[in-house]
Amino acid sequence: MNDYNQRNENEIFTKVLKAGRRTYFFDVRETKAGDYYLTITESKKNYGENGDATFEKHKIYLYKEDFKNFEDMFKDSTDFIISQKGADVISERHDKDYKTRSFTIESEEEL
């Protein structure tokens with residue numbers, strides 16, 4: 001059995017979230033003992049100077065004993081962000097006038 005098959009044979013369930021250059025994979029896997037755990041992988045597509053695509057990956061392993069605390073902290077953190085900054089996305093990518101507005105705000109603060 002090749003390395004790829006060994007790594008993926010314990011996958012039980014997968015969900016994929018595509019978000020621009022990033023893709024998030026939520027994979028339920030099975031331990032050798034037969035229990036389940038979750039891996040969350042962020043895969044970000046980058047392009048080199050020669051135009052070739054590479055993928056940068058980061059992975060979190062989350063086990064059942066941590067689900068409740070993780071869920072609580074995730075909810076607290078996302079609720080804090082929304083309450084402080086609202087649900088609108090503030091970024092150069094989402095707002096084509098971001099640089100102009102940022103410069104204007106910075107200039108007004110200097111007055």
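Values as computed for the structure displayed
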item	result
The range 46-72, residues that are hydrophobic (A, V, I, L, M, F, W, C) and either in contact with a His (Cβ under 9 Å, 6 or more places away or on another chain) or under 28 Å from A33 (Cα atoms) (or both)	I60, L62, F67, F70
Flag for K45 being modelled with pLDDT under 90, within 17 Å of the chain's Cα centre (by Cα), surrounded by 11 or more Cβ atoms within 10 Å (Cβ to Cβ) and closer than 20 Å to T23 by Cβ	yes
Pairs, first surrounded by 10 or more Cβ atoms within 10 Å (Cβ to Cβ) in the range 14-39, second among the small types (G, A, S), C-beta under 8 Å, six or more apart	R22/S43; T23/S43; Y24/S43; F25/S43
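The values are calculated or read from the model by the stated rules, or taken from the named source; none is laboratory data. If you're wondering where the values come from, they're calculated on a predicted model, not measured in any experiment. Methodologically, a virtual Cβ is constructed for each residue, glycine included, from the backbone with ideal geometry; neighbour enumeration extends over all protein chains shown.
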